[in-house]
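Here, each number is a calculation from the coordinates, and none is a lab measurement. Given the structure is predicted, the values throughout are model-derived calculations rather than measurements. Note that we place each Cβ from the backbone using ideal geometry, even for glycine, and neighbour counts take in every protein chain shown.
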Amino acid sequence: MVNVGSQFIASDSPAEAPLLAMRNVTFGYGRQPLLYALNMQVNTGEIVGLLGPNGSGKTTLLRLISGVLRPQTGQILLEGRDLQQLGRRGAAQRIAVVPQELHMPFAFTVQHMVSLGRTPFTGPFGTLAKYDHEIVQEAMEAADIVSLAGRVFNELSGGERQRVMIAMAFAQQPRLLLLDEPTSHLDIKYQIETLELVQRLNRERGVTVIAAMHDLNLAARYFPRLLLFQRGIVADAGPAEVLDSALLSRVYGINVQVGILRGAEHLSVLPPGSAAPEAEAEQQPGPRIHVMAGGGSGELLMRALADAHLPFVAGALNIGDSDHTLALRLAHEVITEQPYAPISPTILERVRASLCRAALLVICPAPVGPGNLSLLQEAITAAQNGLPVLLLASARIDAQSDAETPQEALLKETGILTRDYTEGQGVQCMRELLQAGAIVAGSVGEAMEVIKEVITPSSSS
């Protein structure tokens, strides 16, 4: 018998800790991170839906939570205890997983399949005690599959197999139930029956549920808390906040409409061209402001623009950058580059096209390196072609020394001297922007005053 008590790394008191906590978790396949510095927590009894496009990291997140994958950095805590210290058997006694599909190489009956859920609790020979048989029977009753007990699992319909897998997971008596797209490949009848079963187990048995969902409408109906993913958490709230048409359009890359259909109770997500839902807000005009940021340098400005109801384009920003995550929530459009990747020609062309439509470019005091230097070079071309450019300073220089020219003082005020990692190319770009007429604002407040002068009220109302 393993004395697990001395192995756990207890960061919180188990009595006070959330059921699940992820702290600065980073994971990727190969050199490219898929999830970066992820923080989240789930409390006991919650039912949470994970949303996001294919490749956004939903399945990887579930595999990390289940202990199948280990984070490259960071920590996953279950009831305040380090998940890795539990081991595979200990994790399986607390966490059950229902995969998208399960194909058995043997002609196992339904009862045999559900009995497999007791494997983490049996001895070395896998013998079930009377208590285990009672739990298996209870799980089959809860999933309403008692009548299928003698049927061969592989011969069942998709919906019936899904209920058997949920019963098998429930036989583990888990504290946490993980489901990976439980309604995929099912017709609408079995989709509803599956989610009704999960909802009932959560409500009646107190099982905490995290499910990766593909269908946004089903997610809105059955999950009171939604996490929207794109290699990190973009939004974490109820359906009314997460299922925002502009936010979904940016994350999924397609225009959608969200609202309450006539006679309906829940939000509905509709494809473009469908009849507009009654609760859909009026569309905002296209943005006339382009924001270049990165590394958190644009946070205050983007929040100020959103508060002033001034739509803007942000980018290019790398996935995983804190400014990228915030821009997905606040910006009208986000030009996205892959994590840690330099700005590609395709993305640079999108930036160039946005600058051609813009009435103002705002450059935040982000670090400048070889990967994003091309953005400043595009900004120079745009400024020379007449686009007003506003440089948000990283430091206010109150006094100019006698040896400095006014332009040298402005250059110092931009902060580029301390955040240029390109052997002087970034400094030269900033100098050329100033020569092209770029204005320096010493604070977000000053920047907003300039922006409102350039972007007249009539153009943003």
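Only DSSP H runs of four or more residues enter the estimate; each adds -39500 (n - 2.57), and after division by the residues of the chain the mean residue ellipticity at 222 nm equals -10500 deg cm²/dmol. Packing around the peptides 151-158, 54-61, taken as the average count of other Cβ atoms within 10 Å per residue, puts them in this order, highest first: 54-61, 151-158.
Taking amide H positions as modeled 1.01 Å from N, with prolines and chain starts lacking one, the residues under 5 Å from SER394 and 5 or more places away or on another chain are GLY415. The order of ASP236, ASP180, going from fewest to most other C-beta atoms within 10 Å of their C-beta, is ASP236, ASP180. Over all other residues within a Cβ to Cβ distance under 15 Å of GLY206, the charged ones net out to +1, with Lys and Arg as +1 and Asp and Glu as -1.
How big is the C-alpha Rg of segment 4-242 next to the rule-of-thumb value 2.2 N^0.38 Å, as a ratio? Relative to the 2.2 N^0.38 Å estimate, segment 4-242 comes out at 1.00.
Each Lys or Arg adds one and each Asp or Glu takes one away; over the other residues whose Cβ falls under 12 Å from the Cβ of LEU376, this sums to -1. Look at CYS356, CYS429 and count the other Cβ atoms within 10 Å of each Cβ; fewest to most, that gives CYS356, CYS429. Simple rule: put +1 on each Lys or Arg Cβ and -1 on each Asp or Glu Cβ in segment 60-159, find the dipole, and look at SER147, GLY117, PRO71; the Cα lying farthest toward the positive end is PRO71.
Net charge dipole, segment 289-460: roughly 420 debye, given to the nearest 20, about the Cα centre with Cβ charges of +1 for Lys and Arg and -1 for Asp and Glu. For the chain, the residue among VAL207, GLN377, ILE254 whose Cα projects farthest onto the positive side of the dipole built from Cβ charges is VAL207.
Under the convention that each Lys and Arg Cβ holds +1 and each Asp and Glu Cβ holds -1, the size of the dipole of the chain around its Cα centre is about 1200 debye.
Computing Rg and the Kirkwood Rh from the Cα coordinates of the chain gives a ratio, Rg/Rh, of 1.07. Tally Lys and Arg at +1 and Asp and Glu at -1 over the other residues with C-beta under 13 Å from the C-beta of ILE319: what net charge comes out? Summing Lys/Arg as +1 and Asp/Glu as -1 gives -1. Relative to the current alpha-carbon distance between THR346 and LYS452, full extension at 0.36 nm per residue lengthens the span by 35.0 nm. Taking amide H atoms as placed 1.01 Å from N in the peptide plane, the amide H of PHE229 lies under 5 Å from those of LEU51, GLY52, VAL234, each 5 or more residues away in sequence or on another chain. Dipole of the chain (Lys/Arg Cβ +1, Asp/Glu Cβ -1, origin at the Cα centre): which of PRO388, VAL42, LEU300 lies farthest to the positive side? So the residue we want is VAL42.
Projected onto planes of every orientation and averaged, the convex hull of the alpha-carbon atoms in segment 289-460 covers 9.3 nm².
Spin-label model, ALA306 to ALA359: label points 7 Å out along the Cα-to-beta-carbon direction sit 2.2 nm apart. Taking the square roots of 5 times each eigenvalue of the Cα gyration tensor of segment 82-211, largest first, gives ellipsoid semi-axes of 22, 18, 14 Å.
Highest mean first, the peptides 182-188, 295-301 sorted by other C-beta atoms within 10 Å per residue fall in the order 295-301, 182-188. Annotation: amide H-H contacts under 5 Å for VAL48 (H modelled 1.01 Å from N, sequence separation of 5 or more, or interchain): VAL209, ILE210, ALA211. In segment 204-227, whose amide N lies under 14 Å from the spot 7 Å out along Cα-to-Cβ of ILE188? List them in ranges. Hits in segment 204-227 for ILE188 at 14 Å: 217-218.
Under 25 °C and 0.890 mPa s, how fast does segment 47-145 diffuse according to Stokes-Einstein, given a Kirkwood radius computed over C-alpha pairs? Answer in µm²/s, whole number.
Diffusion coefficient, whole number: 154 µm²/s.
Applying 1/(1 + (r/R0)^6) with R0 = 35 Å to the Cβ-Cβ distance of TYR131 and ALA37 gives a FRET efficiency near 0.20. Among VAL146, VAL351, the ranking by other beta carbons within 10 Å of each residue's beta carbon, starting with the fewest, stands as VAL146, VAL351. Given +1 at the Cβ of Lys and Arg, -1 at the Cβ of Asp and Glu and no other charges, the dipole of segment 4-242 around its Cα centre is 620 debye to the nearest 20.
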